[in-house]
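What follows is a set of notes on a single structure, which appears directly below.
All of the numbers you see were taken from the coordinates with simple rules; none came from a lab. If you're wondering where the values come from, they're calculated on a predicted model, not measured in any experiment. All Cβ positions, glycine included, derive from the backbone under ideal geometry; neighbour counts span all protein chains shown.
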Amino acid sequence: MTDYTSEFDDIPGTRVFTAQRAKQGYQLNQFCMSLMKPENRERFKADERAYLDEWPMTEAQKQAVLDRDYNAMLDLGGNIYFLAKIFATDGLSYLQAVSTMTGMNIDDYQQMMLHGGRSPEGWRSVKEGN
Amino acid sequence: MARITAGLTTSHIPAIGAAIDLGKTGEPYWQPLFAGYEWTKAWAAREVPDVVILVYNDHASAFTPEVVPTFALGCADEFKPADEGYGPRPVPVVQGHADLAAHLAQSLILDEFDMTLMYKLDVDHGLTVPLSLVYGQPDAWPVRVIPLAVNVVQYPPPTGHRCYLLGQAIRRAVQSYGEDLTVHVWGTGGMSHQLQGPRAGFINSKFDNAFFDRLISDPGNLALMPHIEYVREAGSEGIELVMQLIMRGAMGPTVEELYRFYHVPGSNTAVGHLVVRPADS
C-alpha cells in the first residue's frame, strides 16, 4: 500500500474506491453492470443465488449481495455507482440505499439531510479525532 | 476565431432529473432548489452560445469496470441519453460539434494532454441534468454540446492541478479554432457529498462556499489542494469538485462572478451553482 492510499484510511467511515479495490471488486461490479439489462434484472429477481453463481465472484461478495450489506460490498471492492444497479433493481433511491450504510433508519437519515446533512465535526480524521 | 464567453458550475444530482421528468419541481422539497436556477434560466435564454463544452462524470453508464479513461472527449455528431437502469431520461438527444471536437482533440493532444476520444458515447445524468437545469424541457437543446467525461469514480482521479491546466489548454484550443463561434464551458459535479459508508450524508457548507470563493479569486492555489483534503472536507464523492477547475482554467486569469446559489439538500448532496464571465469577454 502506498502513502496515497493509506492516507485515506484515516478518514472515518469511508472506503475510497482505489485502483486496488477496483481490481478486487471487478467481478462484483461487472455483475452489477449486468443488471442494466431488463432481462437480467428479471432473472436475478427470480433466483438471486443462481444468477450470482453465474459470476466468478467470491462467496463473500455473493453473500454480501444476498444480504444487501452495502458496507460489506464496499469492503469487497464494490463502488456505489455500480452497486446502484442493485438498489435500482430493488426499487430503492440513492437516499434510501445510502441510509442503510449509516446505521440510521431512513426517516432519521432524511431528517439529518433536511437539517443540513452530517456535520464534518468528528468525521475528518481518526488520528486527529476531529 | 472562437471565443469562450461564459462558464458555469452546477451539481448534477440524478434525483433533480427525476424531479423534473416527473413534474415534481413545485413540491415543497424541490421548490427552493429549482428557484435557485431561475436567474440562470433567464440569463441562459439571453446568452445562447453556439457550443457548450460540458465537463461531467459518467456514473457506471457508458464506462464499465473494463475501461477507466481519465479524460474522455465526445467527438461524435450526437450523444443519446443513457439508460441508467430506469430507462433513458425523456430528454432530447444531445447534438455534438464534431468539427470543433476534432480540433480540440488535436490541439489538446499536441499540447500533451493524452485524451481518450469517444466516437460513441451515451450520456447519463451527469451531463443531462445540468442541461435540464439551465434550459428546462425543450423539444431540442438550444446548443451543441461537446461532452468531456472525467474519471472521478476510481481513485486516483486527475489532480486539481491537472484539471486546471487542462482548462487552460481548452482555452488555447478554442481560441485557435478558425470559425467564429461562441463557447461556454460548464464544470459540473459536487458540492460536498458522500454516498458510501457510515459517513454518508456528509455535508460541509463552509468548505463549499470557501471553494467557490477560491475558484473565483485564487484558482491557481486552489488547484494545488491534494485529494485527501477533498475527501476529508467534501466527502468521498465531493472529489467531483476537481472538474470545476477545468471550467475555471478555461476562463483565463480573471473572472467576474455573475451569480451564485447554494442549497442543502438535494437528495444526499449539497447543491452549488456559479455563473461567471471571463474578464476578456
query = Can you give the helix-only mean residue ellipticity at 222 nm for chain B, where every DSSP H stretch with n ≥ 4 adds -39500 (n - 2.57) and the sum goes over all residues, rounded to the nearest 500 deg cm²/dmol?
reply = -10000 deg cm²/dmol
remark   = Assertion target for B:THR128, B:THR269, B:THR25, ordered by fewest C-beta neighbours within 10 angstrom first, is B:THR25, B:THR128, B:THR269
note = Output field shielding_mean for B:186-195 (other chain Cβ, 10 Å radius) holds 3
query = In the neighborhood of B:GLY235, defined by Cβ-to-Cβ distances under 10 Å, what is the net charge if each Lys or Arg adds +1 and each Asp or Glu adds -1?
reply = 0
Where a label projected 7 Å from the Cα of A:LYS127 along Cα→Cβ would reach, residues of the stretch A:1-45 with amide N under 20 Å = A:1-18
remark   = Quarter of the surface of the C-alpha convex hull for the stretch B:91-188, i.e. direction-averaged projected area in nm², equals 6.8
note = Output ordering of B:75-87, B:52-64, B:158-170 (per-residue mean of other Cβ within 10 Å, highest first) is B:52-64, B:158-170, B:75-87
Chain A, relative contact order [Cα under 8 Å, separation at least 6], % = 30
request  = Could you run the Debye sum over the Cα atoms of the stretch A:3-90, one equal point scatterer each and no solvent, and tell me log10 of I(q)/I(0) at q = 0.19, 0.22, 0.26 Å⁻¹, two decimals?
outcome  = -0.80, -1.03, -1.37
task = Using DSSP to define loop residues, name the GluC sites (Glu not before Pro) in the stretch A:39-96 whose beta-carbon has at most 14 other beta-carbon atoms within 10 Å.
result = A:GLU54
task = Within a 10 angstrom radius of each residue's Cβ in A:66-73, how many Cβ atoms of other chains show up on average? Whole number is fine.
result = 1
task = Take peptides B:148-155, B:30-37 and line them up by average Cβ neighbours within 10 Å, highest first, as a rough protection proxy.
result = B:148-155, B:30-37
Kirkwood-based shape ratio for the stretch A:57-130, expressed as Rg/Rh from alpha carbons = 1.03
task = Would you compute, for the Cα atoms of chain B, the largest minus smallest coordinate along each principal axis and list the three values in descending order, in whole Å?
result = 48, 42, 41
message = Nothing charged except the Cβ atoms of Lys and Arg (+1) and of Asp and Glu (-1): what's the magnitude of the dipole of the protein assembly as shown about its Cα centre? Round to the nearest 20 debye.
response = 280
remark   = The answer for the net charge of residues other than A:LEU35 whose Cβ lies under 9 angstrom from its Cβ, with Lys and Arg +1 and Asp and Glu -1, is +3
ask   = When Cβ neighbours within 10 Å are restricted to other protein chains, what is their mean count per residue of peptide A:26-36?
value = 3
task = Starting from the coordinates of the alpha-carbon atoms of the protein assembly as shown, obtain the Kirkwood hydrodynamic radius over all distinct pairs and give the value in Å to one decimal.
result = 21.4
Charged-residue dipole, Cβ positions (Lys, Arg, Asp, Glu), chain B about Cα centre, Debye nearest 20 = 480
request  = Specify the inter-centroid distance of the stretch B:230-244 and the stretch A:66-83, based on alpha-carbon positions, in whole Å.
outcome  = 21
